[in-house]
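The structure appears right after this line, and notes come after that.
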Amino acid sequence: MSTVRANRPGGAPRRTVLRTALAGGAATAGAFLATAPTAAAEGRADRRPRPTTPAEALTELAAGNRRWRTFRERHPHEGRVLRQELVGGQDPFALVLGCIDSRVPPELVFDQGLGDLMTVRSAGEVLDEAVLGSIAYGVLELGIPLVLVLGHQSCGAVAAAVEAEEHGTHLPAHIQYLADQITPAIDHSVTGDARVDATVTANVALVRSRLAAEPDLAAKVATGDLAIVGARYELVNQRVHVVD
């Protein structure tokens, strides 16, 4: 019996057409695989050595902020493999106590990713039991070596506290609590906008000193396992710098 081969319109045998299609598909898949990282490669690229000392942690934050303010962000540590690894636990290398201001998100400001930072945010970096407990958890339970108190230029909470004191006004509801906590830091050596700006820095120093006086944290500082550092973020140039 003779074999009949069905031909496609135009005369090309079906087997030839299939071979061509499969070859083209393989080439397309090969091109995709050449450009898309495998899960293993993604995991290797996304994994990072964790800073283990206060100095290493501060250096990493400085490097990340440099990338941020020069528009060279890496948006690191967001890959599939790392996300799966983090299901089993976290190991952040720094804790940032910052303001709630929407213009100063720590993970962006320091160009860090998942599992890198523990962040605690309150208006004007004000301390209360919840904030203190959160910081203590990061330091005592997770072994975080660096606590960074991060104030920022044009802080609304600081400005409200300064204005309330100058005019003798009482702020609404719980906002007055924030002002009461910031008021001891108000710098009366200058006036106007300069007073608000100076108080931003003074408030960072005040919060830092209050944290350093906490017995459990002070013990860690004494052994060199922890540093508590004050810093501020400048909105005009996105730079973070350490303040006394």
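The values are calculated or read from the model by the stated rules, or taken from the named source; none is laboratory data. In this text the structure is predicted, and so the values were computed from the model without any measurement. All Cβ positions, glycine included, derive from the backbone under ideal geometry; neighbour counts span all protein chains shown. In case anyone asks, the SASA skips ligands and DNA or RNA and just uses the protein heavy atoms, side chains included. Shrake-Rupley method; radii C 1.70, N 1.55, O 1.52, S 1.80 Å.
Miscellaneous remarks
- Just one of the listed residues (Thr191, Thr223, Thr201) is of a type outside the set (D, E, K, R) and within 18 Å of Glu56 (Cα to Cα), namely Thr223.
- Number of residues in the range 136-175 that are farther than 30 Å from Lys220 by Cα and without any contact (Cβ under 8 Å) to a residue 12 or more places away in the chain equals 10.
- Residue check: Leu217 meets all listed conditions (1) part of a helix (DSSP H, G or I); (2) under 25 Å from Asp111 (Cα atoms); (3) open to solvent by less than 30 Å² (accessible area, probe 1.4 Å) but one, namely (2).
- Helices (runs of 4 or more DSSP H) wholly inside the range 79-192 that include at least 1 residues being buried (at least 21 other Cβ atoms within 10 Å of the Cβ): 106-109, 129-136, 156-167, 175-182
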